[in-house]
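The values are calculated or read from the model by the stated rules, or taken from the named source; none is laboratory data. Predicted model only: the values in this text are computed from it and were never measured. Here the Cβ positions follow ideal geometry from the backbone for every residue, glycine too, while neighbour counts run over all protein chains shown.
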Amino acid sequence: MDFKTVIREALARGVDLSKDPIFREAMGGMSVRDVTEALGSDYFPKVTLDAAHNRLMQGYAAVPEDWRKVVNVDTASDFKWQYVTALNGYGNLPKVLPGEKYPFLTPGDGQERWKLDKYGRIFSIDMEAQANDQIGAFGKWSFNEGKAAQRSLNYLVFRTLMHDNPTMYGDSTALFDASSHGNLLTSRTLNYANIKAGYEAMAAQTGRGLETIRIIPRFLLVDPTNWLEALRLTQSNELYQYMQPGATEGETVNYGTFNVFGRGGLGLIPVLCEDIPNGYWYMVADPATCPTWTLGFYKGKQEPEMFREAPNTGGEFYQDSMSFKTRLIAGGVVEDYRGIVRMEE
């Protein structure tokens, strides 16, 4: 194996080349500075950028992309407002009497809008760090930048577009509103009875034409303090007995031997969301049957990107530093309030 291949693989793993035994054995004791000079000034930055991108993608994959479970993905080719249009007012089919003309359907339109935003930052590694064989730290930075990008998408959906209760463009009403949207329930501890209440609130929703629709919750979004209880409530088909609100210790209510929200029933899927503050939990429908959010990406690029500053310009020219930029372009919107219920303890 030639030394170019060795350094490429070592950098891709994000290791400190000065301490990597494979590198040391293949290089015969050469330092990173020696290898840099041997590779040439043009080749080494290209290898570094390629390795940084590999580590970026590894970090991106290391964080669960929970946002993807609950959104519909879109694309945009510019930074202008993008509109999500939902036809409304269908209702049931009207009766047509003998000799009468069939009426025309004239549905109204419900619109929400979103636009792209840029997320990112710059990291620089100076000549002294390169000479001191600290490339391993750069690999760790690239990995962590990938994790940060994935966390940013989770935060956009579960905090900005959900918990922060944004105002919807179509009706100028907050996403969670007890009177107008019927999807806000307060003083609700996470338990079987209150999951049932959330299910009933979602099932009571009507279409834009006041027609009866069938929405079933698919995901149970909880904060870390509710995670174990969420697993207990959804991952078993066995008998559960829960204390009634306000009951004394030992007083329980029997809900039967079959857990309708478990895997053998509705199959409510628990999702751990670090961006939800303690004391809140949510129930969300499957986006394939009832869209709640749309998340869009610039020209369909759903992963973060890594760029290197042009050689002998900027920081490299003035400060002998090599600069890299992480960039992610995305935007999102609440498409419909009917497929989500918020519980506040």
- Restricting attention to the range 139-172, and to residues there that are of a type in the set (S, T, N, Q) and modelled with pLDDT of 95 or more, which single residue is surrounded by the most Cβ atoms within 10 Å (Cβ to Cβ)? Gln150
- Mind checking whether some residue in the range 256-272 is at pLDDT below 90, among the polar types (S, T, N, Q) and surrounded by 14 or more Cβ atoms within 10 Å (Cβ to Cβ)? yes
- Message: List pairs: first residue in the range 194-218 and closer than 21 Å to Leu272 by Cβ, second residue assigned to a helix (DSSP H, G or I) anywhere in the structure, Cβ distance under 7 angstrom, at least six positions apart or on different chains.
- Response: Ile195/Leu233; Pro217/Gly198; Pro217/Tyr199; Pro217/Met202
- Taking first residues from the range 277-297 that are part of a loop (DSSP other than H, G, I, E, B) and second residues anywhere that are among the hydroxyl-bearing types (Ser, Thr, Tyr) and modelled with pLDDT under 95, the pairs with Cβ under 6 Å that are 6 or more apart or on different chains are Asn278/Thr225
- Item | Qualifying positions in the range 192-226 - part of a loop (DSSP other than H, G, I, E, B) and out of contact with any helix residue (DSSP H, G or I) (no Cβ under 7 Å at 6 or more places or on another chain) | Ala204, Gln205, Gly207, Arg208, Gly209, Leu210, Glu211, Ile213, Arg214, Ile216, Asp223
- Task: Tell me which of these Gly108 doesn't satisfy, since it passes every other one: (1) small (Gly, Ala, Ser); (2) modelled with pLDDT of 95 or more; (3) loosely packed, with under 14 Cβ neighbours inside 10 Å.
- Result: (2)
- Query: Which one is surrounded by the most Cβ atoms within 10 Å (Cβ to Cβ) among residues in the range 309-326 that are in a strand (DSSP E or B) and at pLDDT below 85?
  - Reply: Met322
